[in-house]
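The values are calculated or read from the model by the stated rules, or taken from the named source; none is laboratory data. Just so we're clear, the structure is a prediction, and the values are computed from it rather than from any experiment. Quick reminder, even Gly has a Cβ in these numbers, built from the backbone with ideal geometry, and neighbours come from all protein chains shown. Note: accessible area is taken over every heavy atom of the protein model, side chains too, but ligands, DNA and RNA are not part of it. Shrake-Rupley method; radii C 1.70, N 1.55, O 1.52, S 1.80 Å.
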Amino acid sequence: MHAPFSAPAAELAEVTAALLASLRARGPLVHCITNGVVQGFTANALLALGAAPAMVDITGEAGLFAAAADGLLVNLGTPAPEQRDAMREAVAGANAAGTPWVLDPVAIGALPIRTALANELVRERPTAVRGNASEVLALAGLGTGGRGTDASEAAAAALPAAAALSAHHGAVVAISGPEDLVHAAGRTVRVLGGDALLTRVTGGGCALGAVTAAFLAVRGDEQPAAAVAAAHAVYGLAASAAAAGAKGPGSFAVRLLDELSLLTPERVRAEAVFAEADA
Amino acid sequence: MHAPFSAPAAELAEVTAALLASLRARGPLVHCITNGVVQGFTANALLALGAAPAMVDITGEAGLFAAAADGLLVNLGTPAPEQRDAMREAVAGANAAGTPWVLDPVAIGALPIRTALANELVRERPTAVRGNASEVLALAGLGTGGRGTDASEAAAAALPAAAALSAHHGAVVAISGPEDLVHAAGRTVRVLGGDALLTRVTGGGCALGAVTAAFLAVRGDEQPAAAVAAAHAVYGLAASAAAAGAKGPGSFAVRLLDELSLLTPERVRAEAVFAEADA
Amino acid sequence: MHAPFSAPAAELAEVTAALLASLRARGPLVHCITNGVVQGFTANALLALGAAPAMVDITGEAGLFAAAADGLLVNLGTPAPEQRDAMREAVAGANAAGTPWVLDPVAIGALPIRTALANELVRERPTAVRGNASEVLALAGLGTGGRGTDASEAAAAALPAAAALSAHHGAVVAISGPEDLVHAAGRTVRVLGGDALLTRVTGGGCALGAVTAAFLAVRGDEQPAAAVAAAHAVYGLAASAAAAGAKGPGSFAVRLLDELSLLTPERVRAEAVFAEADA
């Protein structure tokens, strides 16, 4: 089992700033297979941040593309049959080529098709899993899921589930909530920041999954867990800045894209806040 | 046949304010099977208003989800084969569980697949039908449809079609236009408000179908027709407020989402205007 | 082979102004079969400009609709199997009815499904092809494509490919880049304007393909090449105006829609700049 984080919480702001600078310099190609509701917003979030998105979600192309991409997101929000097969192909391609990949088990639990697919895909050892507490609990077999993308459980309640997923499948597990938690191999880091308006914009969480894949793509010598925490911190800082001055969820979403493009490594170094948490 | 409205036009503003307060308090889960063009905007409109959207459009899940949801929208804008089967499943699930549902027969008339599907689904007795005049005429077999989502007919011209649909299938029928008309069982109410910029934003009408499902979900003791009229009034008030100060359709769409979140029951009570109409 | 342009570069601003006026007066119906990432933005760009979009992408309807529409866009961004067959049907319907159509060979080259489809469709003689340099090179068999929608080649490097495509298939070929090039039958026109922020918004290029179809739909006695150049000039002017004052890609996209609706034929006449280029 890999070491969970290469840095203590106090140093993660510095790591995050460096990874953001690297992302901007390299413009990683992030392959997204994601739901039809948020494809546009997800692509725009990646573009704003400085990554290059591509949504290749058909069989015969998804495997090739995942092998060539710098990172992959697999999001189960609207898993039509063709897309389900493309996900399997992409995961195989990513694993064969060493492309880091993120599994977002949207709304699993009570819905049988996506729950079975999530259980199948998590066994393929995603680099990271990102979801709300209900989804993480359901993926670990410890809950029945929430309603849709609603986070009806507090993030901390899903920590045992995150620990189980990490232990069984080797994944970093990020639990989104009012405060995000990132867990890997026995250690949990709290990522402060973000804004409740993220829950009033569709794709607010789904785009974070893609941003997580972008940070994993440029992590270099950093451990995956540090890259996942960095993604959450950057996204949260942009969200906090966007919320200041937003009149509602419409202007917040526009400002979030602007802020993702404006955020600098210097501001990240000064403003990102991480804390140790009990696992 | 149910009584069309539980309140005279003069009382509908009060009813609408109460339903908006109820929607905000309860956050109904609205299941949407809708076209790929407007999925994002539709979800954002529901989130802005205070509802919880979920786009579950695959077979094996759509029926289960419709039974558990508080309301359902079936929109025929881009009805791929898998989605068509998911719609049938969802309608069966909604009817079995008593979930209110809205049929939006987008662009039916000359296009054969969706026209046949709309004719099939309307016989399953949707709680409400929402469309422009061309679509309502085509659904009643009284016209050949417009071109795309264009409202090439005045709303009033479709009132006989609305009356026929209401009589045969029990549905409340809402006709969108410069002035919206809501018809049920022999009575028609005019809903004033709205703005022509709604026709310059994709999903301007489609999102209203989802909002209608959200109001039906929280109608409590009110008749469905009152909830449908309330949805149109709230959406129209938000659109009017959004248009004031918008520079064009881009900023209008952003402001519409903001205004949907900002609109209060108090403003609805003071500003919503309904009028009786000849049926 | 048709004459490439009906007007010298110095007169194209006048032609463009007249075509924009015609587009606003006629509101052409533009049939779009395009990728799921950009469907909403594409429809909104057309609506803002004054055209009427309709995304009919299922078999059994696409052929009929293309024959009735004023213009057609076929964009290969996310070509699921059903959509691929709908594209074939639509192209046949468009060709039978004389509907002008645009092929956008998104991300072809290394990805086999879409590359084969683009090769098949270009033989059906699209009125215009629009892509970045990598895509135009790949369509002519002279390159292996870029990564996703990235324009990794300078536009001018693709001019021989554009000339070959024009000679073999009769299409006007537009190459998007920092400066757009429009080639037809041996003559190339440079279209100045635009803004780099277009590369930071998903659909920035894809929507231009739809706008191109809209201008082809209203070209009247003008040659297709003039209409293609006009579309690029109008889109570029709106983008330049949108970039002035934008804080980032989020506000740029909103402003682009506003500016597409605000742009007048008078401003086009005064501000559009074309130049001859060596072919």
Checklist line | Filtered residues of the range A:36-62 (kept if open to solvent by 10 Å² or more (accessible area, probe 1.4 Å) and more than 17 Å from C:Cys206 (Cβ to Cβ)) | finding: A:Val37, A:Gly50, A:Thr59, A:Gly60
Next item on the list: Restricting attention to the range A:66-109, report how many residues are farther than 19 Å from A:Ala171 by Cα and touching a Phe, Trp or Tyr at 6+ places or on another chain (Cβ under 6 Å).
Entry: 0
Check: Just checking, which of B:Ala96, B:Ala10 is over 19 Å from the mean Cα position of the chain (by Cα) and modelled with pLDDT under 95?
Finding: B:Ala10
Check: Which numbered condition trips up B:Leu117, out of (1) within 20 Å of A:Asn35 (Cα to Cα); (2) touching a Leu at 6+ places or on another chain (Cβ under 7 Å); (3) part of a helix (DSSP H, G or I)?
Finding: (1)
Next item on the list: Within the range A:9-19, identify whether any single residue is surrounded by 24 or more Cβ atoms within 10 Å (Cβ to Cβ) and either of a type in the set (S, T, N, Q) or at the interface with chain C (Cβ under 9 Å from one of its Cβ atoms) (or both), and answer yes or no.
Entry: yes
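Mind checking which helices (runs of 4 or more DSSP H) fall wholly inside the range C:209-279 and carry at least 2 residues that are under 28 Å from A:Asn44 (Cβ atoms), open to solvent by 20 Å² or more (accessible area, probe 1.4 Å) and not small (Gly, Ala, Ser)?
Details: elements: C:224-243, C:249-262, C:265-271.
Here the list reads C:249-262, C:265-271.
Answer with yes or no whether B:Ala241 is in contact (Cβ under 8 Å) with a residue 60 or more places away in the chain, of a type in the set (A, V, I, L, M, F, W, C) and either away from chain A (no Cβ under 14 Å) or in contact with an Asp or Glu (Cβ under 9 Å, 6 or more places away or on another chain) (or both).
Values: in contact (Cβ under 8 Å) with a residue 60 or more places away in the chain: no; of a type in the set (A, V, I, L, M, F, W, C): yes; either away from chain A (no Cβ under 14 Å) or in contact with an Asp or Glu (Cβ under 9 Å, 6 or more places away or on another chain) (or both): yes.
Spelling it out, it is not the case that B:Ala241 is in contact (Cβ under 8 Å) with a residue 60 or more places away in the chain, of a type in the set (A, V, I, L, M, F, W, C) and either away from chain A (no Cβ under 14 Å) or in contact with an Asp or Glu (Cβ under 9 Å, 6 or more places away or on another chain) (or both).
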Check: What is the one condition in (1) open to solvent by 30 Å² or more (accessible area, probe 1.4 Å); (2) at pLDDT below 95; (3) not hydrophobic (A, V, I, L, M, F, W, C) that B:Gly148 does not satisfy?
Finding: (1)
Next item on the list: Kindly indicate whether any position in the range C:251-265 is more than 14 Å from chain B (Cβ to nearest Cβ), within 30 Å of B:Ala246 (Cα to Cα) and modelled with pLDDT of 95 or more.
Entry: yes
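Working only within the range B:80-93, note down all residues that are free of Cβ contacts under 8 Å to residues at least 40 places away in the same chain and either in contact with a strand residue (DSSP E or B) (Cβ under 8 Å, 6 or more places away or on another chain) or open to solvent by less than 40 Å² (accessible area, probe 1.4 Å) (or both).
Scanning the range B:80-93 gives B:Ala80, B:Val91, B:Gly93.
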Next item on the list: Just name the residue that is farthest from the chain's Cα centre (by Cα) out of those in the range B:116-136 that are on the phi < 0 side of the Ramachandran plot and open to solvent by 20 Å² or more (accessible area, probe 1.4 Å).
Entry: B:Ala116
Margin query: If a residue must be assigned to a loop (DSSP other than H, G, I, E, B), touching a Phe, Trp or Tyr at 6+ places or on another chain (Cβ under 8 Å) and crowded, with 24+ Cβ neighbours inside 10 Å, how many such residues does the range C:169-208 contain?
Written below: 4
Check: Picking from B:Glu11, B:Glu61, which residue would you name as being closer than 19 Å to B:Gly220 by Cβ and of a type in the set (Asp, Glu)?
Finding: B:Glu11
Item checked: Number of positions in the range C:49-81 that are closer than 14 Å to C:Leu121 by Cβ and within 8 Å of chain B (Cβ to nearest Cβ) -> 0
